[in-house]
Structures are given as structure tokens and as C-alpha cells.
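Notes follow the structure.
The values are calculated or read from the model by the stated rules, or taken from the named source; none is laboratory data. Computed from a predicted model, the values in this text were never measured in an experiment. When we count neighbours, we look across all protein chains shown, and the Cβ atoms used for this are built from the backbone with ideal geometry, even at glycine. Quick note on the areas: whole protein, heavy atoms, side chains included, nothing else; ligands and nucleic acids left out. Shrake-Rupley method; radii C 1.70, N 1.55, O 1.52, S 1.80 Å.
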Amino acid sequence: MKEGAETVGTPVRRGTGRRLHGAIAHKLGTAIVSGQYQPGDVLTGEVAFSEALDVSRSAYREAIQVLSAKGLVESRPKAGTRVLPRNRWNLLDPDVLAWAFGGSPDISFVRNLFELRAIVEPAAARLAAERRTRDDVRLLKDALARMRRHTLATDEGRAADRDFHTAILQATGNDALVVLSASIGAAVSWTTRFKMRARDLPRNPLPDHARVADAIAAGDPAAAEETMRQLVELALEDTRISMVE
């Protein structure tokens, strides 16, 4: 998009306070992450944008602050608001992940998420098997039961899937890994949605999750690591299938 070009002119649905500037951030964030705006593009001024979106200038400024905090844009006096290079974006921020999957996500980005999961989650499952407590196992089994009850075709089932992976990271007792919970959970949820965008999942992934849970509950680090590795690899294969169909 050319420098100073207009944004999508559809007004943002009315709201108040945080809800309104959150809606504006979502609209602009989705446009940036989807490639409608390219790194280096300068967004039009706040007056033009606020008029185009039919929102207050203060709400627009707050939305820009949200995007700036996530590394998508940078605002400078007289220079305006410029879209930053992709390597500056906080791609693991749950909001940025939601914006990326709000349209048609870049296929290489989807693969990158699975590569991240393949690096982090098997090792986390090994640690979880070594360090899990009764409460950790209870949370893991509860999430698995909810996945079975609701299935991954529902929001409730996908929330349970996210809780399952979060429970494993928490069971590691490693604060640095626990910090990744929101990002890993969001990646799990959005890649599942992506796989199901056109049709049902090609196979039932619940047995894969059950094997991971059983290995962690049994305190078997090697089995926990291997079953989680298989879970992520099979999930990636399911995604590849949905990419070509």
C-alpha cells in the first residue's frame, strides 16, 4: 500500500472505552498482519483515520498504542505512524495470533508455529512427567474429559484443548515455560480452527492427547516426550492436508 494511503473505510462497530479501541486495534492489526499494509507503509493521520472509521481521535490513538506495544507500528512526531518490519512484531502475542488467523494466514507462518511447538512441547511434556503434582494431573485429566465431551468442533472443546496444553506447561514448574502458556495455547487454538476452516478434522486427535496425559500421569518422561512429539507431528500433517484441499 502506498504511503499515506487510506485504510479500510468501514466504520467500527460502536462500543465504549476499552472495547472501542480494542475493536479499532483489531481492525488495523488484521489489516497489517494480513499484508494489506506493508512494512514501511505510513498510516494516514489520526484525523483521517478517525473520520474514516467514525471513531474519536482519542480512541484511535489508544488503538495505535496497542499496536505499538505489540511491535506492529511505530509513531514519531512529524513522521507519522509507520508499519514496522515483521521481525519486530510480537508474533506470539495472543492478539497478534488472532489477527493473523482473522483472514487467510501466511502458510509459512502456520508452519513456523508448528516448528515452535515441536521444539517446546515435547521437552515440556518430559519435564511435566518428572515434576507433576496431583493437582497438575487433575487439571490435565479434566481438560481431556472436556475435550471428549465437547469435541474440537466447538469453542468449548477448543478451550479445553488450550487448557490441556497450558496444564502441561504449568506442570513443568518452570516459570519461563509457563510464560509461554498464553502463546502456545493461542497457537493450538488458532491452528485447530485453521485446520477446520473448510471441513472436519481428518482424524480424531483425542487418543493422541490421552497418550500424552497417561505418560505424564505415570511419571514416564521418555514416553511423555515421544507421545507429545507424535501429537505435534500428526497435527502438522493434518494441517498440511487441509492446506492442499
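Per residue, what volume in Å³ does the convex hull of the Cα atoms of the chain enclose?
Details: hull volume 32.9 nm³, N = 245.
Spelled out: Cα convex hull of the chain, divided by residues, is 134 Å³.
With the convex hull built on the Cα atoms of region 51-162, state its orientation-averaged projected area in nm².
Numbers: hull surface 43.6 nm².
So the Cα hull casts an average projection of 10.9 nm².
For Ala222 and Glu74, compute 0.36 nm times the residue count separating them, minus their Cα-Cα distance, and round to one decimal in nm.
Working: separation 148, 0.36 × 148 = 53.28 nm, distance 4.55 nm.
Computed gain between Ala222 and Glu74 is 48.7 nm.
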Residues Glu115 and Asp142, FRET efficiency given R0 of 30 Å [Cβ-Cβ distance, rounded to 0.05]: 0.55
Please give the contour-minus-distance gain from Glu156 to Asp214: 0.36 nm per residue of separation, less the Cα-Cα distance, rounded to one decimal in nm. 18.7 nm
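Kindly state, to the nearest 0.05, the FRET efficiency for Arg193 paired with Ser56, given R0 = 41 Å and r defined as their beta-carbon distance.
Details: r = 32 Å, r/R0 = 0.79.
With R0 = 41 Å, the Cβ-Cβ based efficiency is 0.80.
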Under the 7 Å Cα-to-Cβ spin-label approximation, Gln36 and Asp175 lie apart by a distance in nanometres of 4.1 nm
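On the protein heavy atoms, probe 1.4 angstrom, tell me the percent of accessible surface of the chain carried by carbon and sulfur.
Details: 6090 of 12230 Å².
Percent of accessible area from carbon and sulfur atoms in the chain: 50.
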Helix-only mean residue ellipticity at 222 nm, the chain, DSSP H runs n ≥ 4 weighted -39,500 (n - 2.57), per residue, nearest 500. What is it? -21000 deg cm²/dmol
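By how many nm would the segment from Arg134 to Ser108 lengthen if fully extended, with 0.36 nm per residue of separation less the alpha-carbon distance? Walk me through the numbers on the way to the answer.
Details: separation 26, 0.36 × 26 = 9.36 nm, distance 3.88 nm.
Residue separation times 0.36 nm, minus the Cα-Cα distance, leaves 5.5 nm.
Which is the longest part of the chain that has none of the trypsin sites (Lys or Arg not before Pro) sitting in a DSSP loop with at most 15 other Cβ atoms within 10 Å? If you can, show how the numbers build up before the last one.
On the way: sites that count: Lys2, Arg13, Arg14, Lys78, Arg197, Arg199, Arg203.
After excluding every exposed loop site, the longest remaining stretch is 79-196.
Could you tally up the Lys pairs in the chain with alpha carbons closer than 22 Å? Skip any pair fewer than 8 positions apart unless they're on separate chains. It would help to have the intermediate numbers written out before the result.
Numbers: Lys2/Lys27; Lys2/Lys78; Lys27/Lys70; Lys70/Lys78.
The number of close lysine pairs in the chain is 4.
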